[in-house]
Amino acid sequence: MASWISKDTRLVVQGLTGREGKFHALASRDYGTQIVAGVTPGKGGTTVDGIPVFDSVQAAVKATGANASMVFVPPPAAADAIMEASDAGVPLIVAITEGVPVNDMIKAKEYLAKRSSRLIGPNCPGIIRPSAKVKIGIMPARIHKAGFVGVVSRSGTLTYEAVGQTTSLGFGQSTCIGIGGDPINGTNFIDALTLFRDDPETEAVIMIGEIGGSAEEEAACWIAGNLKKPVVSFIAGRTAPPGRRMGHAGAIISGGKGTAPEKVKALQAAGVHVTDSPALMGEMLKKVLGK
Amino acid sequence: MKIHEYQAKEILRTFGVATPRGQVTDSPEEAGRIAKELGGRAVVKAQIHAGGRGKGGGVKLAKSPDEAVELGKKILGMQLVTHQTGPQGQKVKKILVEEALDIARELYLGITLDRAIGQPVMMVSKQGGMEIEVVAAKDPTAIVREPFDPAWGLQSYQARKLADALSLTGETHKKSIGFFIALAKAYVATDASLSEINPLLVTGAGDIIALDAKMNFDDNALFRHPNIKEYRDLDEEDALEVEASKFGLNYIKLDGNVGCMVNGAGLAMATMDIIQYAGGKPANFLDVGGGANEEQVKNAMRIILSDPNVKAVLINIFGGIMRCDIIATGVVNAIQEIGIKVPVVVRLEGTNVEEGKAILKSSGLAVIPANDMKDAAEKVIASLGKVA
């Protein structure tokens with residue numbers, strides 16, 4: 001499969017009856033996503049704006065053939081919701097929830113490793129593919145435009161920045177994936193970059209990283225040996241002080257590791273075009289492409 | 001969340017981690033009494049969150065109960081300055097009075113999350129008392145790491161491996177196994193993000209004891225640990241940051257002069273970066289979050305401006321979930337209520353952006369509009385030049 005979502009994506013929303021869940025489910029439906037079911041334990045049999053609600057993901061999948069899930073379940077129960085979706089055989093799970101405990105995610109990730117689901121997030125804006133008019137997430141649809149740039153990022157609003165810039169330059173986006181700002185996540189940079197490599201819609205990539213951890217360095221290593229398409233990157237947090245958590249649970253320089261200069265160096269060594277200014281991601285790509 | 005040494009030791013004891021005998025107090029006389037109970041000789045340790053207390057004069061040996069009283073008087077109430085407190089130091093409100101132990105060896109033991117493999121990792125080094133970062137930079141091979149699965153805990157063979165790496169032998173080796181397993185258990189059970197015993201003491205008699213103890217916790221998991229949440233000490237945190245957290249705002253004070261208000265953590269970091277890129281210095285990190293309301297925006301403005309170093313403000317909002325008209329209304333109200341004297345540059349983009357811009361324009365306030373991030377950063381730096 002070239003992309004992880006398509007016109008055939010049939011979405012179940014876990015936590016549909018909550019305020020956020022409902023708001024973003026309906027916005028995703030307005031964009032073009034097929035929302036086939038909601039799940040809220042104890043509220044099976046009701047509907048939300050015409051969408052049937054089930055008590056369990058298994059029941060929802062059985063009745064509607066859902067093949068993707070969007071999780072809006074509050075933090076204490078979010079990992080459970082992810083595991084439930086995976087156990088029900090849902091191939092793609094997008095967890096929007098912010099504030100899931102690290103230990104819960106370690107557990108959920110191990111659980112998923114024994115099954116075949118892909119998890120995006122948690123603490124992420126989701127995934128959108130403008131050419132298919134499908135989105136699973138909270139990103140503002142109207143700034144997107146079908147095109148050739150694949151965008152992957154640990155940050156939500158910074159993704160929008162890259163989208164806004166590539167839209168106004170007329171490039172548009174193939175698929176945008178927010179992998180989330182937590183220290184433990186399902187899909188990582190390399191997973192997304194692999195998709196972009198194999199995706200015929202994607203001709204170039206914008207990868208947005210930030211301080212903390214070593215995911216950018218690992219991605220750089222992979223890019224050097226595996227990706228021929230041009231990659232432009234920005235790393236947020238050059239001015240962040242060490243030892244402080246900059247909003248995202250994963251955005252922290254600890255023990256002198258995970259700094260922006262380290263990441264920039266690794267990316268540049270892999271042939272990635274790194275810009276120092278978040279305002280110039282699109283411009284940098286334009287220059288690289290010679291357009 | 002961070003806690004004090006005495007609190008970390010309280011927690012660790014309940015998991016069977018060996019700690020020195022001792023008691024915490026806020027009175028010098030009590031310190032004397034505790035020292036007497038401990039046999040006269042005692043160590044008096046200032047309780048603040050920052051590290052480097054010993055070097056700063058916050059940890060002293062009392063050879064008698066009277067001396068413990070004297071040290072208590074000296075240390076309690078002092079502004080303890082360490083490399084982690086900043087030049088103003090941190091006021092000492094409590095001291096831990098502990099038995100003085102004879103030291104055969106000082107080792108390092110710590111647990112934290114290894115993000116690359118998604119598991120906690122226990123680390124040991126023979127160079128106790130030194131900061132692990134320093135050891136890592138000098139000689140990374142001096143640190144031996146053993147990742148473990150939190151579902152199963154640290155296994156005996158793993159603990160043995162670490163004990164071997166520390167060249168522990170005989171009874172001490174045996175004791176260290178129990179110690180390591182207990183510490184791993186405490187780390188997982190309390191949803192800790194860091195658990196550090198530095199130094200880990202080997203006494204002359206061959207016992208293994210946590211001479212110091214540091215624990216940090218996953219903020220997201222505190223909801224299931226109400227007892228640990230009670231340990232929070234607001235006096236140890238920046239007053240503005242505490243104030244901001246009451247309104248659901250994520251604020252971190254920095255030392256520049258350009259205040260900033262942004263939605264989203266990544267964009268907030270990037271805004272700080274672009275301020276520096278344009279030649280300025282950010283005064284803070286502030287993420288108003290995805291669903292902020294007018295009241296929060298107002299409070300955010302108030303908090304940014306209560307930092308006297310702030311000479312200009314940059315508001316950068318890419319509204320996805322957040323509507324630009326709400327931000328604009330909040331900004332206008334804040335300026336009118338607080339009477340803002342510094343230049344305010346506003347960059348709005350996203351949902352309801354035209355309505356937002358119209359609100360700013362019709363307010364009659366001297367807000368400087370910006371078209372994009374680059375424009376905003378350049379304008380805010382230019383405005384600094386004018387006020388200076």
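The values are calculated or read from the model by the stated rules, or taken from the named source; none is laboratory data. Being a predicted model, the structure only gives us computed values, none of them experimental. With ideal geometry, Cβ positions are generated from the backbone for all residues, glycine too; neighbour counts draw on all protein chains shown. Ligands, DNA and RNA are stripped out before the accessible areas are found, and what is left, the full protein with its side chains, is counted by its heavy atoms. Shrake-Rupley method; radii C 1.70, N 1.55, O 1.52, S 1.80 Å.
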Would you mind listing the helices (runs of 4 or more DSSP H) fully within the range B:1-89 where at least 3 residues are of a type outside the set (S, T, N, Q) and more than 30 Å from A:Pro101 (Cβ to Cβ)? B:28-37, B:65-75
Selection count where residues are without any contact (Cβ under 8 Å) to a residue 60 or more places away in the chain and either crowded, with 24+ Cβ neighbours inside 10 Å or out of contact with any helix residue (DSSP H, G or I) (no Cβ under 9 Å at 6 or more places or on another chain) (or both), scope the range A:190-204: 2
Counted residues in the range B:280-319 being away from every other protein chain (no Cβ under 12 Å) and not in a strand (DSSP E or B) come to 20
Is it fair to say B:Thr25 is of a type in the set (S, T, N, Q), open to solvent by less than 30 Å² (accessible area, probe 1.4 Å), farther than 27 Å from B:Gly206 by Cα and touching a strand residue (DSSP E or B) at 6+ places or on another chain (Cβ under 9 Å)? yes
Within the range B:122-133, restricting attention to residues that are closer than 11 Å to B:Leu162 by Cβ and among the hydrophobic types (A, V, I, L, M, F, W, C), which residue is nearest to the other protein chains (Cβ to nearest Cβ)? B:Met123
What pairs can you find where one residue is in the range A:105-132 and at positive phi, the other is among the charged types (D, E, K, R), and their Cβ atoms are less than 7 Å apart, with a gap of 6+ or different chains? A:Asn123/A:Glu98; A:Asn123/A:Asp182; A:Gly126/A:Lys135
Hits in the range B:281-291 - residues which are open to solvent by less than 10 Å² (accessible area, probe 1.4 Å) and either closer than 16 Å to B:Thr351 by Cα or modelled with pLDDT under 95 (or both): B:Val288
Among the residues listed as B:Asp235, B:Asp212, B:Asp255, the single one being away from chain A (no Cβ under 14 Å), outside any strand (DSSP E or B) and surrounded by fewer than 19 Cβ atoms within 10 Å (Cβ to Cβ): B:Asp235
Quick check on my filter: what residues within the range B:334-365 are open to solvent by 50 Å² or more (accessible area, probe 1.4 Å) and within 17 Å of B:Cys260 (Cα to Cα)? B:Ile338, B:Lys341, B:Glu349
Only one residue in B:Gly110, B:Gly54 is among the small types (Gly, Ala, Ser) and free of Cβ contacts under 8 Å to residues at least 24 places away in the same chain. Which one? B:Gly54
Suppose we filter B:Met261, B:Met272, B:Met322 for residues that are buried (at least 19 other Cβ atoms within 10 Å of the Cβ) and assigned to a helix (DSSP H, G or I); which single one remains? B:Met272
With criteria (1) more than 18 Å from A:Phe189 (Cα to Cα); (2) of a type outside the set (Gly, Ala, Ser); (3) surrounded by fewer than 24 Cβ atoms within 10 Å (Cβ to Cβ); (4) within 10 Å of chain B (Cβ to nearest Cβ), A:Val100 comes up short on (3)
Just one of A:Ile136, A:Ile106, A:Ile127 is at the interface with chain B (Cβ under 8 Å from one of its Cβ atoms) and either outside any loop (DSSP other than H, G, I, E, B) or open to solvent by 10 Å² or more (accessible area, probe 1.4 Å) (or both); which is it? A:Ile106
Select from the range A:215-233 the residues that are assigned to a loop (DSSP other than H, G, I, E, B) and open to solvent by 40 Å² or more (accessible area, probe 1.4 Å) and list them in ascending order. A:Lys228, A:Lys229
Among the candidates A:Ser56, A:Ser117, A:Ser69, which residue alone is in contact with a Ser or Thr (Cβ under 7 Å, 6 or more places away or on another chain), away from every other protein chain (no Cβ under 14 Å) and either open to solvent by less than 40 Å² (accessible area, probe 1.4 Å) or farther than 25 Å from A:Asn188 by Cα (or both)? A:Ser117
